[in-house]
Each structure stands twice: as structure tokens, then as C-alpha cells.
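> Shown below is the structure under consideration.
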Amino acid sequence: MTALVEIKVPDVGNITDIDVVEVAIHPGDVIALEQTIATLETDKASMDLPSSAAGAVQEVFIKPGDKVSEGSLIATVLAEAKPGLEAGTEKAGAAKPEESAAQPAAPTETPPEPSVNKAPAPAPSTIKPAPEPAMIASGPVRTAHATPAVRLFARELGVDISKISTGSGRKGRILKDDVKNFVKRVMAEGTAPSGGGIPAIPVVDFSQFGEIEEQKLSKIKRLTGQNMSRIWLNLPMVTYHEEVDITEMEKFRNALNAEKAKDETKITGLIFIVKALIAAMQKFPSFNSSLAGDGEKLIMKKYFNIGIAVDTPNGLVVPVLRNVNTKGINEIAAELAEKSEKARQGKLMPADMQGGCLTISSLGGIGGTAFTPIVNAPEVAILGVTRAKMQPLWNGSEFVPRLMLPLDLTYDHRVIDGAEGARFMAAIKQYLSDIRRLLL
Ligand code: CAO
């Protein structure tokens, strides 16, 4: 005996106009009792709608995008009547005989077999508010909008769906593709970007505002970005700014360059800065260290290698000048010229970029008054340089024109404290304002 059973939206607690986000059945499907037939979603929760009847789906009356309320017809199912119920053996609390799916035809226009009966309204078995994402930013707590199918998909991949900040579906709903893109991004970064509960930047479809074009990031840019994000999240950094009078140094530099033949490498101020940095590291050995993995000891280095950030068409690279403490000004200038040229041609080998103790990031050739460079961890500090300019300096009785060089020292505050940072910078200042001191 079969009966045509109507499946309707059950009592969902006075909520109307609920969005249909997914319909899981089609005419001809054979479905089981309690099987999810559709997914409905309100602003606050998504809900799997279980079937109140088992059998073959005859007709489906809803589609994604529709809005439904309690009592809306979802589907008709040709249900097998259960002999036990036919014999009137329904359990206490079960639907009344005239409402039972197993009851023979009620007086309707439908032919006696199959007959149309009302299915008992199923309880929405899985109204589940989406989990709240772990956030460190303050602000309203948002729930992740996603269908159960997408949630299941995310669970199968081990993705915490709350870490996906915004979906690309309607009203920001998270779709399967969003989960896939999230996984791709995490794989590419080699680390979970939201591991610390940090919400990701929302994905925006900019084409809605105007014409756009996608440009792939170079590999160097991608790797630098990952490295910078990792460092930014891991290191408590402080940047200390200072100005150094390099008037005398500049006179000496110009004199040296005037002696050089045309094809010889010119000496820029940066070379003196390398020298001054080495001297300051010798005076303050904690700047030539790295924090051990357990965070409990410092690894002190007895060699002096300086990384120089070089701007290339493909992005930032940091060739390392080795054992700079053993080299003279001209040798360092020639080595920097060679390595920065190799860098710009993309010919640096990985070994050329390894083993740095401290890094210098110089924007002086471009401009600037100050910036806050990011430490190239596991190094413990980085020296930033911007453009020197003539300034009036009070010498006790009058203002005199002096060439002032702005320097920025960012350090890892787990290793270097503020006073040490200031003393280190004072030493650099002393060396650069009177380079004879480098001989001491
Ligand atoms: N103040 C005034 N002038 C400066 C200066 C400063 N602080 N630093 C450099 N200059 C001058 C130089 O003397 C040179 O002048 P001339 O053309 O008259 O000789 C000119 O600026 C260009 O210098 P340069 O950049 O070629 O040489 P450099 O030794 O100072 O720097 C290098 C070498 C490789 C660091 C540089 O070319 C470079 O790539 N800089 C960019 C670094 C960068 O991108 N850092 C990353 C920042 S964080 O993302």
C-alpha cells in the first residue's frame, strides 16, 4: 500500500520568509525517513530539514533562493505504508490516525491509491547556530553562514569554517569554493594564517566598483609577504629613530670618490654605515645574536655578516655580505655592487642570501625621513636608512648647516631592551659622525 505524502515546513518558531539555500532531493529520488531534504537558513542559523516520510519523491516545490515559512509545501513523496500502523498499532504520541502517513486515503480528489495524507510535521532536527569564529579583534561576533553540506565538506578537510571570514555566496554565505580557496591559501602559505585566531581580510569582488585586472605576484613577493607576516605576528618590535650628523663623513666620502677612476665602484654612504654597524655590534654583542628555539637562551655569533635589502623588479631580496669585519671600504663597496647587480638580474643563489647577522634597509637613494623596517628574524634588529639632508644645527652659539642622516633601528624586544637599543644607536651615531673612531 502506498500513499502520496506532502512534506511541509514544520514549526520553526515564528520565523517567516526563511531562505532556501539548498534542495537535496529531486523527483524520482528514493529517500529515507529523517534524511535531509533541504537546507533553510535564517540570518542567525542554518537548518537541515529532515524528511517526515520515506519513499519516492514525486514532486519538489521549492528551489534555492525561494523563501518559505511554516506550512510551505516542500515536496510530495510516494510513501510505503507500514503494516503495523495500518493495523492501528501506532505508538502513543504518534500522529492521529487521520494524520498518519500510513493512513489510507482521506476524502480528497486524489485517486484512492496513491492517496494524499498529511505527513506529521518533522521537528527541525538540526537547527544549529553556526560556531562563533575565534577572533582577537573586537567588534560584533559573526556567525559563519554555510550550508550543512559545505560545513561537512569543511570538516572533512579539517577546516574550521569560522576561520573563513566571508563567503562569496549571497549575503556572504560560504560556498564550497571558498573552503577550497581557503585550503589552497593555507597550503601556499605553509602555515595557518588564522592560527592565532586572527580573522582573515574579507574577500571583496572589486569588479562591482569598476574595471579591474588580476596580476600574479612574483614568487619573491609571495615568499617575502609570508615571511613578513610571520615575523610581524611573532616579534614584539620597537623602532627607535635617530639623526646623525654625517657632514664630515660626506666630505671624506666625496674625497675618496674623487680619487677613483671612472670604472671603479663609487662609495656610497651605505658602506660607511655597514662599517659603523659592525663596530656597534662588536661593542654590543647581543645585537649579533638570535633567540634559541626554546626562547630560553641567546645564540651568540662570532662572525659578522650583514644583509642588505635590495630592491629588484621581482621584489625585495637580501644578499648577505660575509665577514665584513675583515674587509675594507672599497672591498665592501665592490661586493655590494656585484651582489646588488646579481640580485636585480635574478642571479643570486640561495647561499648568497643566507647567514646574515643583521640587515640594513636603505631607502636613502629614494627619499624619506623615517620608516619602521621589519626585523629579518631570526636576526634581532634591522637598521633603516632614509635620505640625508642639510639642516640647520645649533652648535651652542649659532645655527650651522649640517648634513643629517635619519636612521631607524627596529629591534626584537624579547632580546633587546629599550636602553640597549638607544645605546647601540648612540654608538652608530658616534662612529658615523666621526669615522676616525672606527679605528679605535
Ligand atoms: N641620503 C642621501 N643620498 C643617498 C642616501 C642617503 N641616505 N643613500 C644613497 N644615496 C644616494 C647615493 O649616494 C647615490 O647618489 P649618486 O647617484 O649621486 O651616487 C644614490 O642615492 C643612489 O644610491 P644607491 O641606491 O645606488 O646606492 P646605495 O649604496 O645607497 O644602496 C642598495 C644600494 C642596493 C641598498 C640600493 O640600490 C637599493 O636597492 N635600495 C632599496 C632598498 C630597499 O628596497 N629596501 C627595502 C625597504 S623595506 O621594504
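> Only one residue in ASN323, ASN305 is touching a Phe, Trp or Tyr at 6+ places or on another chain (Cβ under 8 Å) and either within 9 Å of the ligand (Cβ to nearest atom) or over 30 Å from LYS216 (Cβ atoms) (or both), so which one is that?
Within the list ASN323, ASN305, the selection yields ASN323.
> Just to be sure I understand, how many residues within segment 337-361 are over 25 Å from GLY295 (Cα atoms) and either under 29 Å from the mean Cα position of the chain (by Cα) or more than 12 Å from the ligand (Cβ to nearest atom) (or both)?
11
> Still on this structure, please answer the following. Looking at ALA292, ALA261, ALA255, ALA280, which one is touching a residue at least 60 places away in the same chain (Cβ under 8 Å) and assigned by TED's automatic domain parsing to the domain that holds ILE435?
ALA280
> Still on this model: Which pairs do you get when a residue that is at positive phi, found in segment 310-334, comes within reach of a residue that is surrounded by 14 or more Cβ atoms within 10 Å (Cβ to Cβ), reach meaning Cβ atoms under 6 angstrom, with the pair 6+ apart or on two chains?
Pairs found: GLY315/SER218; GLY315/ILE220; GLY315/THR224.
> Please find, among PRO373, PRO401, the residue that is modelled with pLDDT of 95 or more and within 10 Å of the ligand (Cβ to nearest atom).
Residue meeting the stated conditions: PRO373.
> Moving to a separate point now. Being of a type outside the set (A, V, I, L, M), more than 34 Å from the chain's Cα centre (by Cα) and closer than 16 Å to PRO148 by Cβ is the filter here, so list the residues in segment 1-44 that pass it.
Residues satisfying the conditions are GLU34, GLN35, THR36.
> Let me ask something additional. Which of the residues that make up segment 326-336 are within 11 Å of the ligand (Cβ to nearest atom) and not aliphatic (A, V, I, L, M)?
Those that are within 11 Å of the ligand (Cβ to nearest atom) and not aliphatic (A, V, I, L, M): none in segment 326-336.
> To continue, here is another question. Among GLY384, GLY364, GLY418, which is the only one that is surrounded by fewer than 21 Cβ atoms within 10 Å (Cβ to Cβ), within 12 Å of the ligand (Cβ to nearest atom) and touching a residue at least 40 places away in the same chain (Cβ under 8 Å)?
GLY364
> Need a quick list: strands (runs of 3 or more DSSP E) entirely within segment 1-74 having at least 2 residues that are surrounded by 14 or more Cβ atoms within 10 Å (Cβ to Cβ) and at pLDDT below 90.
Because the criterion is at least 2 residues that are surrounded by 14 or more Cβ atoms within 10 Å (Cβ to Cβ) and at pLDDT below 90, the strands (runs of 3 or more DSSP E) in segment 1-74 that meet it are 2-8, 18-23, 36-41, 45-50.
> Shifting gears a bit: Run down PHE252, PHE272, PHE284 and say which single residue is within 13 Å of the ligand (Cβ to nearest atom), out of contact with any Gly (no Cβ under 9 Å at 6 or more places or on another chain), aromatic (Phe, Trp, Tyr) and within 30 Å of ARG402 (Cβ to Cβ).
None of the others qualify; the one that does is PHE272.
The values are calculated or read from the model by the stated rules, or taken from the named source; none is laboratory data. The model shown is predicted, which means the values in this text are computed figures rather than measured ones. FYI the Cβ positions are ideal-geometry reconstructions off the backbone, even for glycines, and counts take in every protein chain you see.
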